[in-house]
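Shown next, in structure tokens, is the structure this report addresses.
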Amino acid sequence: MELDDLLQQALSKGEEGDWEGMAVALGEALEEAPGDPTVLCWLGVAEREMGLPGSAYDRFKEALMAEPHDPYVLATIGTGLAHFDDPEAESTLRSAALMAPELPLARWMYGAYLSREGLYQDALRELEAAAELAPDDPTVAYELGVALALKGELEKALDAFMRSVDLEPGEGWSQLVMGLVEAELGRLDEAARDLSEGARLRPDDVEAQLLAALAAEAAGWEDLAYEMLERGRQVADAGDLSLLEAVESRLHEG
């Protein structure tokens, strides 16, 4: 197969969540084009999702050393390096944003990195630019909400999270984070509602079920609290038992 066909096949598998299949296809592509930064970048993404952090990190570093010129690839490499607290992450993301200021992905990825580093004004500059470029992108709205929440502007953060949920109602994660912000603001009924709805959309997420149980108890919704606790129990593994027991104890104590 041609390199472009192998890449497309690999990315299709990634969109389906078949990370192992994606890695296999990219391995074939790497044989066709050794050292290709695009192939190395996406192979790093696949291996990271497969739970192979050491190998993924090496792929991202090798991809960066190949000096990619595609800002999309450069931004993805930068975000990959940021997961490992690599000092080159900032310059890589900044380069992508400067190279392609009209590319929403480059702007929001850089903004997301800056917000987590506590550089809120710079982060908001990038994320607001991304929101203007891609007003219907739920990820941009979510990352804008994260930056505002970390900055302490919780009311504005809620507006951004609501926008993200509206744009991608079945995703769940944005609704969970919105529920946490509502809890921080003392809006316990709203927090219980959004955390439980978000948890239902992520049925295998044990922590989401337990957060929803705690929020429901705090709001005085005892039946919902124990329902979410049981949902968490059904998907918990051995590593979750101590957390499950701690939450159950809190519920019993009221």
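The values are calculated or read from the model by the stated rules, or taken from the named source; none is laboratory data. This one's a predicted model, so the numbers in the text were calculated from it and none came from an experiment. In this analysis, Cβ positions are derived from the backbone assuming ideal geometry, glycine residues included, and neighbour counts consider all displayed protein chains. We work out accessible area using only protein heavy atoms, side chains counted, and drop any ligands, DNA or RNA first. Shrake-Rupley method; radii C 1.70, N 1.55, O 1.52, S 1.80 Å.
Descriptive notes on the structure:
- Percent carbon-and-sulfur accessible area, region 1-115, ignoring ligands, DNA and RNA, probe 1.4 Å: 51 percent
- Tilt relative to the chain, helix 206-218 - C-alpha long axis, 0 to 90 degrees, to 10: 30 degrees
- Over all distinct Cα-Cα pairs of region 1-90, the Kirkwood formula returns a hydrodynamic radius of 12.7 Å.
- Among (i) 7, 27, 30, 21, 12, 3, 1; (ii) 8, 24, 30, 25, 11, 2, 0; (iii) 8, 31, 37, 17, 5, 2, 0, the entry that matches P(r) over Cα pairs in 10 Å bins from 0, in percent as calculated here: (ii)
- Most to least packed among 240-252, 224-236 [average Cβ atoms within 10 Å]: 224-236, 240-252
- Solvent-accessible surface of region 1-115, averaged per residue with a 1.4 angstrom probe and all protein chains in place: 48 square angstrom.
- In this Cβ point-charge picture (+1 for Lys and Arg, -1 for Asp and Glu), region 166-254 has a dipole of about 60 debye about its Cα centre.
- Translational diffusion coefficient (Stokes-Einstein; Kirkwood radius from C-alpha pairs) of region 33-156 at 25 °C, 0.890 mPa s, in µm²/s: 169 µm²/s
- The Cα trace of region 92-217 gives Rg and Dmax of 15.0, 50 Å, the first to one decimal, the second as a whole number.
- Most to least packed among 39-45, 82-88 [average Cβ atoms within 10 Å]: 39-45, 82-88
- Between 0 and 90°, nearest 10: helix 188-201 axis offset from the chain longest Cα axis: 50 degrees
- Per-peptide packing, taken as the mean over residues of other Cβ atoms within 10 Å, places 134-146, 178-190 in the sequence 134-146, 178-190 from highest down.
- Overall dimensions of region 196-254 as given by Cα atoms, namely Rg and Dmax in Å: 10.1, 29
- Calculated mean residue ellipticity at 222 nm for the chain: -25000 deg cm²/dmol, from DSSP H runs with n ≥ 4 weighted as -39500 (n - 2.57), summed, divided by the residue count and rounded to 500.
- Taken per residue, the accessible surface of region 184-242 reaches 53 Å², heavy atoms only and a 1.4 Å probe.
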